[in-house]
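Let me begin by presenting the structure, written as structure tokens, before commenting on it.
Since every read-out is calculated from the coordinates, none of them should be taken as a lab result. Predicted, not measured: the structure shown is a model, and the values here were computed from it. Here the Cβ positions follow ideal geometry from the backbone for every residue, glycine too, while neighbour counts run over all protein chains shown.
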Amino acid sequence: MYGKHWRSVVMGTALLLAGGCASGEEWQTWRSNTSHFASKEHYDFSMKNRSGAATVTRQDVALAQNQNWFGKAVTVDQGQILER
Amino acid sequence: MITMRLGRAIVGLAAAATLALALDPASAADAPDRVLQPDKYTSDKGRALGQKYQAALRDLNTKIYHCMPWLDVKPEGIGFYKPKHLDGDVRYLSLNVNVDQQPAPEFTRLSVQDRVSSMFSRYVPHLLRSMATNDLLKDPNLEGFTVIASWLKAQPASGQQAVMETAAAFVPKALVANFLRGQATVAQLAEGAYVMAWDGETKLGAMKPRAWADDFVLTYKVAGYTPDPKINCN
């Protein structure tokens, strides 16, 4: 009776370890995405629009543009096209 | 055909796709000043135009900021500039914008000529309607209008710098007036415009875009965004 109970505990623990834990790759993914929100502004926006259709201000758009940006882009300078 | 390809190619705009961001909604944003200040012109003619139409240029800046939020007017991107390829103190009202859009693979696969044609069709006629007021069309010191648009050519690979393509369209005033009176089509507008293109900082030279009617600017709405009711977006 006692031995049967002990076997169940061992098997259950093994199953939990094998199936319920994240793999190394999954932990890596988790570590590289530590936050659900991209930024404080993202969090604020989500909290503001928790129910119903989202309302977007012009400032939201500007922030989205800034935060989506890829850094300084290679582009022609206006001075190559126009003179003051 | 190209129009249909463009419709598929230019997909969701970055601003619309990434609008999970915000500040306090009560703080309605004023448009950042993108107008060249009158004291920065290098000739009396430019300065006089800048002073005379300062309010009109500010209105244009405000209108684009609120009514076409996916366009970002560059700093000092609005002014009576002299096109570099023209001789003499020739003054065009110029508008220089970045188009905030995610490049779909279909758009990236188009030839540069077709991308320039697509962007010309989409933005130049519509922006000219906002730029060319009756007063400006009648002003003898103004020779034409310039629309400069830059867009992301392709999604940059990880760690790579983004490269913008740019097209600058220079349109003589008489042609703009004819277009606005309905006496010239969008195709004729493109035929009569002088268009130059750049790939990043590399000049590609003059191009002859084809153009067609494109009502994207009139019909596109950023999800959830309503322009400030004080601004006339018509």
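Under 5 Å from the amide H of B:LEU142 lies no amide H of any residue 5 or more positions distant or on a separate chain, with H modelled from the backbone and absent for Pro and chain starts. Spin-label model, B:GLN51 to B:SER158: label points 7 Å out along the Cα-to-beta-carbon direction sit 5.7 nm apart. Measuring r between the beta carbons of B:ILE231 and B:ALA174 and using R0 = 25 Å, the FRET efficiency lands at 0.25.
Once the Cα-Cα distance is subtracted from the 0.36 nm per residue extended length, the B:ASP44 to B:ARG210 segment shows a gain of 56.1 nm. Counting neighbouring beta carbons within 10 Å and listing from fewest to most, the residues B:ARG181, B:ARG109 come out as B:ARG181, B:ARG109. Converting phi to 3J(HN,Hα) with the Karplus coefficients 6.51, -1.76 and 1.60 and the offset θ = phi - 60°, region B:173-179 yields 4, 4, 5, 4, 4, 4, 4 Hz in sequence order, with x at every glycine or proline. Counted by neighbouring Cβ atoms within 10 Å, the residues B:LYS173, B:LYS40 run from fewest to most as B:LYS40, B:LYS173.
Shown in residue order for region B:36-43 are the 3J(HN,Hα) couplings computed by the Karplus curve 6.51 cos²θ - 1.76 cosθ + 1.60 at θ = phi - 60°: 5, 5, x, 6, 9, 6, 9, 9 Hz (x for Gly and Pro). Give me the percent of DSSP beta bridges within region B:2-219 that run antiparallel, rounded to the nearest 5. Bridges in region B:2-219 are about 75 percent antiparallel. Between A:GLN80 and B:ASP89, the C-beta separation translates, for a Förster distance of 30 Å, into a calculated FRET efficiency of about 0.95. The stretch between B:LYS203 and B:LEU218 holds 2.3 nm of extra length on full extension. This uses 0.36 nm per residue minus the Cα-Cα distance. Given A:LYS72/B:LYS63; B:LYS208/B:LYS230; B:LYS153/B:LYS230; B:LYS82/B:LYS153; B:LYS45/B:LYS153, which pairs have Cα atoms separated by over 31 Å? Correct reply: B:LYS208/B:LYS230; B:LYS153/B:LYS230; B:LYS45/B:LYS153.
Counting beta carbons within 10 Å around each of A:GLU83, B:GLU165 and listing the fewest first gives the order A:GLU83, B:GLU165. Amide H contacts of A:VAL74: B:ALA162, B:VAL163, B:MET164, each under 5 Å away and 5 or more positions distant or on a separate chain (H built 1.01 Å from N in the peptide plane; Pro and chain starts excluded).
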